[in-house]
1. Among the listed residues F108, F64, identify the single one that is aromatic (F, W, Y) and either over 18 Å from V150 (Cβ atoms) or in contact with a Pro (Cβ under 6 Å, 6 or more places away or on another chain) (or both).
2. Name the residues in region 23-61 that are within 15 Å of the chain's Cα centre (by Cα) and at pLDDT below 90, would you?
3. Among (1) outside any strand (DSSP E or B); (2) crowded, with 18+ Cβ neighbours inside 10 Å, which single condition is E74 missing?
4. Out of the residues in region 52-67 that are of a type outside the set (A, V, I, L, M) and in contact (Cβ under 8 Å) with a residue 60 or more places away in the chain, state the one that is surrounded by the most Cβ atoms within 10 Å (Cβ to Cβ).
5. Residue pairs, Cβ under 9 Å, 6 or more apart or interchain, first in region 141-164 and over 20 Å from L78 (Cα atoms) and free of Cβ contacts under 8 Å to residues at least 40 places away in the same chain, second of a type in the set (A, V, I, L, M) and surrounded by fewer than 18 Cβ atoms within 10 Å (Cβ to Cβ). List them.
6. Just checking, which of T82, T96, T118 is among the hydroxyl-bearing types (S, T, Y), assigned to a strand (DSSP E or B) and modelled with pLDDT under 95?
7. So, P149, is that one farther than 18 Å from S39 by Cβ and not polar (S, T, N, Q) or not?
Amino acid sequence: MRRLAAVTLALALVPAVAACSVGPNAPTTAQGPSGNGTSVNQGPIQLRGITIVKGGAGLPIGTFVGTFVNTGSEPDVLRSVTIDDPKGSSTTVLGTNAVASTLVLPGFSSTQVGYRGTTHIDIRGLTIAPTAYATVTFTFATAGDVTIPVMAVQPVGIYAGLGPITS
């Protein structure tokens, strides 16, 4: 009888000591920034796998790599990109759907940037070290501001051959 009571008590305590029963706000459900790109949703706008690929050879340039998805029926416009860089930096949007350094995101569409394609969000004056995170704010006309940590990487491995088209 004592053995049965001990086993029952031990089984009853498993969820408490496993820390899996602390609900939806458990520390194990929160994931920090990833080196494989940062993803976030803001209303109908989704940013997927956003990464900064540096210009290589120590150059203070880079480009954003990732995908912008507009799940809404109405278009939105990426009006600006701001990087919290201690020495300052500027961005330029170039290519398909780019108008006066803004990026039009049509409804029900996705737009890749930086993948050897025609659309780039290039950076000048970038001093963030490789593997460091920059705080980046994307400002959309309708969806508003989206501020996320974005990792800067060298153009090697899966990022080989990617980089800015501005110099």
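The values are calculated or read from the model by the stated rules, or taken from the named source; none is laboratory data. In this text the structure is predicted, and so the values were computed from the model without any measurement. Methodologically, a virtual Cβ is constructed for each residue, glycine included, from the backbone with ideal geometry; neighbour enumeration extends over all protein chains shown.
1. Only one candidate qualifies: F108.
2. Across region 23-61, the qualifying residues are Q31, G32, P33, S34, G35, N36.
3. With respect to (1) outside any strand (DSSP E or B); (2) crowded, with 18+ Cβ neighbours inside 10 Å, E74 is out only on (2).
4. From region 52-67, those of a type outside the set (A, V, I, L, M) are 54-56, 58, 60, 62-64, 66-67; that's our starting set.
From what's left, in contact (Cβ under 8 Å) with a residue 60 or more places away in the chain: 54-56, 60, 62-64.
Numbers: K54: 23, G55: 20, G56: 17, P60: 15, G62: 32, T63: 27, F64: 26.
Looking at the filtered set, the residue picked out is G62.
5. Note: no pairs meet the criteria.
6. On the way: T96 fails: assigned to a strand (DSSP E or B); T118 fails: assigned to a strand (DSSP E or B).
When all the criteria are applied, what remains is T82.
7. On the way: farther than 18 Å from S39 by Cβ: no; not polar (S, T, N, Q): yes.
For P149, the condition - farther than 18 Å from S39 by Cβ and not polar (S, T, N, Q) - is not met.
Residue by residue, here is whether (1) farther than 14 Å from G56 by Cβ; (2) in a strand (DSSP E or B); (3) not basic (K, R) holds:
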position: T127; (1), (2), (3): yes, no, yes
position: T137; (1), (2), (3): yes, yes, yes
position: D145; (1), (2), (3): yes, yes, yes
position: G163; (1), (2), (3): no, no, yes
